[in-house]
Amino acid sequence: MIWASVKRLFFIGISSSILPRKFYFRIPLTTGWITRIDPSLSSAREKFAGAIYCPTDGSGDARMFTRNLAEYCATQLGVTFLYDTEIRDLETSGDRITAALTNKGRIAGNEFVVCLGVFAPRFARKLGVSLPIYPIKGYSVTMPIGDKHQAPTVGGVDEDNLVAYARFGNRMRVTATAEFAGFSKTHKPQDFTHMLRATRELFPQGADFGQPDYWAGLRPMTPDGLPIFGRGKRFANAVMNLGHGHMGWTMSAGSARIVADMVKRTEPAFNPEGMLVKAV
Ligand SMILES: Cc1cc2nc3c(=O)[nH]c(=O)nc-3n(C[C@H](O)[C@H](O)[C@H](O)COP(=O)(O)OP(=O)(O)OC[C@H]3O[C@@H](n4cnc5c(N)ncnc54)[C@H](O)[C@@H]3O)c2cc1C
């Protein structure tokens, strides 16, 4: 659910109209309906003019999903994950990458998928591709929900404060902020003041605000917000899967489909036109 003041709602209505209705059904809501769908917003109802509700939308814990997926791949599909292993260079021969050279040794391969997040541009020159990817720092805070709390039941975005929230069982997670801070992922309690104030105004009894679990990360942003896929010209066996910005988890399954089709050199299930890597 996205909700906001009249002016913001007007612009959200226009910008969201590019989403195909078939897959992304949207219902405009008045304040009365908002609090019927999520009663926990009752005490904040005078703060917004209306909302856009997407019943097909959802939210989840990306970390839990990723860890469980990795475990499934390792135990059921025979995938080997090498953790705490840093790729320092690439070994090449002609138009092929032959191995990744890591702090734990040489790892040979036939096909390589480049998915290094904000650090990918460091390899761009070697790969012969243009990677306009910049680290944009964001913050999230997760708080426990007890029996006495009136936590949100539907994930949402406060468009006036640019604060997003979601409930994961007995926890509430709130995320916000886009900052140019280089590659630093450090954080201090003051960094969360704005988002916690906005959250308290929405859900005064929403969670245990006295037990915040703080986190900060870097979004691999591109100037136009689109991810980058495809093969560069220099190496025939390297496929990019990069630049997913603030929507990397949302786009992960679709991106994996595109990349898998590229690695297999089959007709892509989705057309990646407009998102293909540029050679330099
Ligand atoms: C505060 C915040 C909130 C967010 N909220 C959402 C959300 O609600 N929904 C959503 O869809 N997305 C969200 N995102 C965005 C999402 O986290 C990113 O888009 C996604 O993580 C990008 O995935 P990635 O695999 O490209 O990069 P990363 O997740 O950064 O993974 C890249 C990996 O490559 C590794 N790596 C880099 N260099 C090397 C090297 N030389 N050797 C070995 N390994 C290396 C890194 O250690 C890292 O593990 C959020 C991000 C932030 C910061």
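Below are the figures for this structure:
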quantity: The listed residue being under 19 Å from Arg125 (Cβ atoms), in the same structural domain as Asn110 (by TED's automatic domain parsing) and more than 10 Å from the ligand (Cβ to nearest atom), out of Lys233, Lys264; calculated: Lys233
quantity: Residues of the stretch 91-126 that turn out to be among the hydrophobic types (A, V, I, L, M, F, W, C) and under 26 Å from the mean Cα position of the chain (by Cα), as a count; calculated: 10
quantity: Test: residue in the stretch 86-96 that is within 9 Å of the ligand (Cβ to nearest atom) and not in a loop (DSSP other than H, G, I, E, B); calculated: yes
quantity: In the stretch 145-171, the residues that are more than 17 Å from the chain's Cα centre (by Cα) and either under 20 Å from Leu9 (Cα atoms) or within 15 Å of the ligand (Cβ to nearest atom) (or both); calculated: Pro152, Val154, Asp158, Glu159, Asp160, Asn161, Arg171
quantity: Residue check, Arg88 among the charged types (D, E, K, R) and either under 30 Å from Lys233 (Cα atoms) or within 23 Å of the chain's Cα centre (by Cα) (or both); calculated: yes
quantity: Selection within the stretch 186-234 - acidic (Asp, Glu) and either over 24 Å from Thr153 (Cβ atoms) or over 21 Å from the mean Cα position of the chain (by Cα) (or both); calculated: Asp191, Glu201, Asp208, Asp224
quantity: Some residue of the stretch 204-226 being within 11 Å of the ligand (Cβ to nearest atom), in contact (Cβ under 8 Å) with a residue 40 or more places away in the chain and in a helix (DSSP H, G or I); calculated: no
quantity: Any pair with Cβ under 6 angstrom, 6 or more apart, that starts in the stretch 142-159 at a residue that is assigned by TED's automatic domain parsing to the domain that holds Ala51 and ends at one that is among the β-branched types (Val, Ile, Thr) and assigned to a strand (DSSP E or B); calculated: Val157/Ile2; Glu159/Ile2
quantity: Tally, over the stretch 156-196, of residues that are at pLDDT 95 or above and either part of a loop (DSSP other than H, G, I, E, B) or touching a Leu at 6+ places or on another chain (Cβ under 7 Å) (or both); calculated: 11
quantity: The stretch 30-70, subset part of a loop (DSSP other than H, G, I, E, B) and of a type in the set (S, T, N, Q), residue nearest to Met172 (Cα to Cα); calculated: Ser59
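The values are calculated or read from the model by the stated rules, or taken from the named source; none is laboratory data. The structure presented is a predicted model; accordingly, all values stated were derived computationally and were not measured. Every residue, glycine as well, gets a Cβ built from its backbone with ideal geometry; the counts of neighbours run over all protein chains shown.
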